[in-house]
1. Percent of accessible area on the chain owned by carbon and sulfur, 1.4 Å probe?
2. For the chain, what is the mean residue ellipticity at 222 nm derived from helices alone (per DSSP H run of n ≥ 4: -39500 (n - 2.57); sum divided by total residues; nearest 500 deg cm²/dmol)?
3. Show the residues, 5+ positions off or on another chain, whose built amide H is closer than 5 Å to the amide H of Leu19.
4. Just the number please: accessible area per residue for the chain, 1.4 Å probe, all protein chains included, in Å².
5. Roughly speaking, what % of Cα-Cα pairs in segment 14-92 are separated by over 14 Å, rounded to a whole number?
6. Using 11 Å as the cut-off for backbone N distance, which residues of segment 57-96 belong to the label zone defined by a point 7 Å from the Cα of Asp16 along Cα→Cβ?
7. Just need the relative contact order of segment 24-88 here, percent rounded to a whole number, with Cα pairs under 8 Å and 6+ apart.
8. Gain in length, Phe52 to Asp84, computed as 0.36 nm per residue apart minus the alpha-carbon separation, to one decimal in nm?
Amino acid sequence: MGHLKVLGNIQEIDKDVELCRTTNQRISNQATQLLIENRIPFSTGQIRIPFFLREKYKGARRFYVIFTNRNRYGQARRTIDQLDAPFRHRLVVSNY
(Lines give C-alpha, C1' and ligand atoms only; values in the text may rest on other atoms or scores of the structure.)
Protein backbone atom coordinates (compact mmCIF):
# COMPACT_ATOMS: atom_id res chain seq x y z
CA MET A 1 0.00 0.00 0.00
CA GLY A 2 1.13 3.49 -0.80
CA HIS A 3 0.97 6.53 1.36
CA LEU A 4 -2.19 8.59 1.43
CA LYS A 5 -1.59 12.20 0.45
CA VAL A 6 -4.04 14.77 1.80
CA LEU A 7 -4.18 18.23 0.28
CA GLY A 8 -5.01 21.17 2.54
CA ASN A 9 -5.44 21.29 6.28
CA ILE A 10 -6.59 17.94 7.66
CA GLN A 11 -8.41 19.73 10.53
CA GLU A 12 -10.76 21.49 8.09
CA ILE A 13 -11.83 18.54 5.94
CA ASP A 14 -15.53 17.59 6.18
CA LYS A 15 -16.43 20.51 8.43
CA ASP A 16 -19.92 21.91 8.12
CA VAL A 17 -20.76 25.52 8.88
CA GLU A 18 -23.98 26.95 10.25
CA LEU A 19 -26.19 28.30 7.49
CA CYS A 20 -29.14 29.57 9.51
CA ARG A 21 -31.25 29.08 12.63
CA THR A 22 -34.80 29.75 13.72
CA THR A 23 -37.14 29.00 16.60
CA ASN A 24 -39.98 28.04 14.25
CA GLN A 25 -40.05 24.45 13.03
CA ARG A 26 -42.33 25.22 10.06
CA ILE A 27 -39.87 27.78 8.69
CA SER A 28 -37.01 25.33 9.21
CA ASN A 29 -38.95 22.74 7.20
CA GLN A 30 -39.54 25.26 4.39
CA ALA A 31 -35.83 26.08 4.24
CA THR A 32 -34.79 22.42 4.19
CA GLN A 33 -37.34 21.65 1.47
CA LEU A 34 -35.89 24.43 -0.67
CA LEU A 35 -32.36 23.08 -0.13
CA ILE A 36 -33.53 19.60 -1.15
CA GLU A 37 -35.13 20.96 -4.33
CA ASN A 38 -31.85 22.69 -5.25
CA ARG A 39 -29.78 19.58 -4.41
CA ILE A 40 -27.65 21.27 -1.76
CA PRO A 41 -26.20 19.01 0.96
CA PHE A 42 -27.14 19.99 4.50
CA SER A 43 -27.71 18.63 7.97
CA THR A 44 -30.02 19.80 10.72
CA GLY A 45 -29.80 19.97 14.45
CA GLN A 46 -31.49 21.42 17.48
CA ILE A 47 -30.10 23.55 20.27
CA ARG A 48 -32.01 23.69 23.54
CA ILE A 49 -32.72 27.21 24.80
CA PRO A 50 -32.07 27.55 28.55
CA PHE A 51 -35.13 28.21 30.68
CA PHE A 52 -34.08 31.72 31.71
CA LEU A 53 -33.55 32.82 28.08
CA ARG A 54 -36.91 31.60 26.79
CA GLU A 55 -38.62 34.91 27.51
CA LYS A 56 -36.15 36.59 25.13
CA TYR A 57 -37.19 34.17 22.36
CA LYS A 58 -40.94 34.41 23.07
CA GLY A 59 -41.17 31.13 24.94
CA ALA A 60 -39.41 28.98 22.33
CA ARG A 61 -37.76 25.86 23.73
CA ARG A 62 -35.23 25.17 20.97
CA PHE A 63 -33.43 26.54 17.95
CA TYR A 64 -33.64 24.59 14.70
CA VAL A 65 -30.23 24.89 13.05
CA ILE A 66 -29.29 24.07 9.45
CA PHE A 67 -25.67 23.30 8.59
CA THR A 68 -24.10 23.02 5.14
CA ASN A 69 -20.75 22.12 3.65
CA ARG A 70 -18.36 25.06 3.74
CA ASN A 71 -17.64 24.65 0.01
CA ARG A 72 -21.33 24.97 -0.89
CA TYR A 73 -22.15 27.79 1.54
CA GLY A 74 -22.48 30.48 -1.16
CA GLN A 75 -24.90 28.39 -3.18
CA ALA A 76 -26.90 27.50 -0.07
CA ARG A 77 -27.06 31.15 0.99
CA ARG A 78 -28.41 32.19 -2.42
CA THR A 79 -31.00 29.43 -2.15
CA ILE A 80 -32.13 30.60 1.30
CA ASP A 81 -32.44 34.14 -0.09
CA GLN A 82 -35.11 32.78 -2.48
CA LEU A 83 -37.50 32.11 0.41
CA ASP A 84 -40.57 34.32 0.68
CA ALA A 85 -40.01 37.49 2.72
CA PRO A 86 -42.11 36.44 5.77
CA PHE A 87 -40.12 33.19 6.05
CA ARG A 88 -36.75 34.78 5.38
CA HIS A 89 -37.24 37.42 8.09
CA ARG A 90 -37.78 34.70 10.72
CA LEU A 91 -34.43 33.06 9.87
CA VAL A 92 -31.15 34.20 11.37
CA VAL A 93 -28.64 33.65 8.56
CA SER A 94 -24.97 33.33 9.44
CA ASN A 95 -22.27 35.37 7.72
CA TYR A 96 -19.65 32.71 7.19
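The values are calculated or read from the model by the stated rules, or taken from the named source; none is laboratory data. Here the structure is a predicted model, which means the values were calculated and not measured. Ideal geometry is used to build each Cβ from the backbone, glycine not excepted, and the neighbour counts take in all protein chains shown. Side chains are part of the model used for accessible areas, which takes the heavy atoms of the whole protein and leaves out ligands, DNA and RNA. Shrake-Rupley method; radii C 1.70, N 1.55, O 1.52, S 1.80 Å.
1. Details: 3510 of 7290 Å².
Taking all protein chains in place, the chain shows 48 percent carbon and sulfur surface.
2. Working: 3 runs with 26 residues, N = 96.
Result for the chain: -7500 deg cm²/dmol, rounded to the nearest 500.
3. HN-HN under 5 Å from Leu19: Ile66, Phe67, Thr68.
4. Numbers: 7290 Å² over 96 residues.
Result: 76 Å² of accessible area for each residue.
5. On the way: 1848 of 3081 pairs.
Everything past 14 Å amounts to 60 percent.
6. Inside the label zone: 65-70.
7. Details: 63 pairs, mean separation 25.3, N = 65.
Relative CO of segment 24-88 lands at 39 percent.
8. On the way: separation 32, 0.36 × 32 = 11.52 nm, distance 3.18 nm.
Gain in length upon complete extension: 8.3 nm.
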